[in-house]
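The values are calculated or read from the model by the stated rules, or taken from the named source; none is laboratory data. This structure is a prediction, so every number in the text was calculated from the model and none was measured. Please note: Cβ atoms are built from the backbone with ideal geometry, for glycine as well, and neighbour counts cover all protein chains shown. Note: areas computed on protein heavy atoms with side chains; ligands, DNA, RNA excluded. Shrake-Rupley method; radii C 1.70, N 1.55, O 1.52, S 1.80 Å.
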Amino acid sequence: MTNSEMLQEKAKWVYQQTLKIHRRAPETRIASSLSAIEVFVALYYGDIMRFNPKNPFSSTRDRCIISKGHGSICMFPILADLGFFPSEELEHVCKAGSFLGCIPDPKIPGYETINGSLGHGLGVGAGIALALKRRKMEQSVFVITGDGELQEGANWEALAFASHHKLDNLNIIVDNNLISMLGFTDDAVSHGSLSGRLTAFGADCKEVDGHDVVAVHTDLVRMKALKEEKPKILIANTLKGHGIPSLENQGLSHVMGVKPEVLDQLLGMPL
């Protein structure tokens, strides 16, 4: 199996596992998680991120700040598969006593930061990137954010900060799924040309089909290697609720669930 085939197979597997989690825990945010699967698969299975499942806070690790934490339930099967915690824990998502909840936090091995109020991940990531620079450490920082989250002004302050300090160890991936919590992003505050805005703030910016895991991987390899004294951004153009017709292009998909019988059909399970 080639590396490209492996990434494609892993993306399919993570999709199925994410549906199974939502089947067991319908309170999870399924639509937001489905738009980011290929990004996380490329990062964690494509030799982009440096990490140690046995020592999650190793000083040699790359940092991944998942700012859109509510949309990262798809990370649970990835982390379990890589050995951060036993796969049996996936059976207990959102259950009493489980460390796997609807809104991930640092008690989950593999997560760096608390998640909840949006708009802060980029600032945290920029601060970590600056600290690593000043300590002359070679580790990279990755921040996963969303286009809806970028309506928060703190992101733009953080990007101006990152550009001023020439943080070329800061890699930002925007899950550009066009839908925020309660509607289409453009209906609330339009970004216009998102790439144009990000470039104007001094970042190197590129766009990719966020559901083509091989293309995402190729661009992440390029992005991590690029050292031109500026932050780097990859806009992953995605579809919220990808793969579930009842969620795709639905303005309220963020807060919508999927009926068990529909999930069973998608998973090929007997009704």
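Can you find a residue that is under 18 Å from Gly257 (Cβ atoms) and part of a helix (DSSP H, G or I) anywhere in the stretch 56-74?
There is at least one residue in the stretch 56-74 that is under 18 Å from Gly257 (Cβ atoms) and part of a helix (DSSP H, G or I).
Among the residues in the stretch 173-180, are any open to solvent by 60 Å² or more (accessible area, probe 1.4 Å) and on the phi < 0 side of the Ramachandran plot? Full working, then the answer.
First, pick out the residues of the stretch 173-180 that are open to solvent by 60 Å² or more (accessible area, probe 1.4 Å): 178.
Now narrow it down to the ones that are on the phi < 0 side of the Ramachandran plot: none.
No - not one qualifying residue is present in the stretch 173-180.
Looking only at the stretch 12-49, count every residue that is part of a helix (DSSP H, G or I) and open to solvent by 10 Å² or more (accessible area, probe 1.4 Å) and tell me the total. Steps first, please.
Kept after step one, since they are part of a helix (DSSP H, G or I), are these residues of the stretch 12-49: 12-24, 30-34, 37-45.
Checking the rest, the ones that are also open to solvent by 10 Å² or more (accessible area, probe 1.4 Å) come to 12-13, 15-17, 20, 23-24, 38, 44-45.
Within the stretch 12-49, residues that are part of a helix (DSSP H, G or I) and open to solvent by 10 Å² or more (accessible area, probe 1.4 Å) number 11.
In the stretch 102-136, how many residues are in a loop (DSSP other than H, G, I, E, B), open to solvent by less than 20 Å² (accessible area, probe 1.4 Å) and under 22 Å from Ser180 (Cβ atoms)?
3
Would you please name the residue that is nearest to the chain's Cα centre (by Cα), looking only at residues in the stretch 176-188 that are within 14 Å of Leu150 (Cβ to Cβ) and in a helix (DSSP H, G or I)?
Thr185
I want to confirm something. Restricting to the stretch 82-98 and keeping residues that are touching a Pro at 6+ places or on another chain (Cβ under 9 Å) and among the aliphatic types (A, V, I, L, M), which single residue is most open to solvent (accessible area, probe 1.4 Å)?
Here the answer is Leu82.
Going by what's in this entry, would Ser117 be described as out of contact with any strand residue (DSSP E or B) (no Cβ under 7 Å at 6 or more places or on another chain) and under 26 Å from Ser33 (Cβ atoms)?
Working: out of contact with any strand residue (DSSP E or B) (no Cβ under 7 Å at 6 or more places or on another chain): yes; under 26 Å from Ser33 (Cβ atoms): yes.
Against the criterion (out of contact with any strand residue (DSSP E or B) (no Cβ under 7 Å at 6 or more places or on another chain) and under 26 Å from Ser33 (Cβ atoms)), Ser117 qualifies.
Could you tell me whether Asp204 is touching a Pro at 6+ places or on another chain (Cβ under 9 Å) and free of Cβ contacts under 8 Å to residues at least 40 places away in the same chain? Walk me through it before giving the result.
Working: touching a Pro at 6+ places or on another chain (Cβ under 9 Å): yes; free of Cβ contacts under 8 Å to residues at least 40 places away in the same chain: yes.
For Asp204, the condition - touching a Pro at 6+ places or on another chain (Cβ under 9 Å) and free of Cβ contacts under 8 Å to residues at least 40 places away in the same chain - is met.
For every residue, the table says whether it meets (1) part of a strand (DSSP E or B); (2) in contact with a helix residue (DSSP H, G or I) (Cβ under 9 Å, 6 or more places away or on another chain); (3) under 29 Å from Arg61 (Cβ atoms).
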site	(1), (2), (3)
Phe161	no, yes, yes
Leu167	no, yes, yes
Asn171	yes, yes, yes
Val174	yes, yes, yes
Ser190	no, no, no
Thr199	no, no, no
Gly202	no, yes, yes
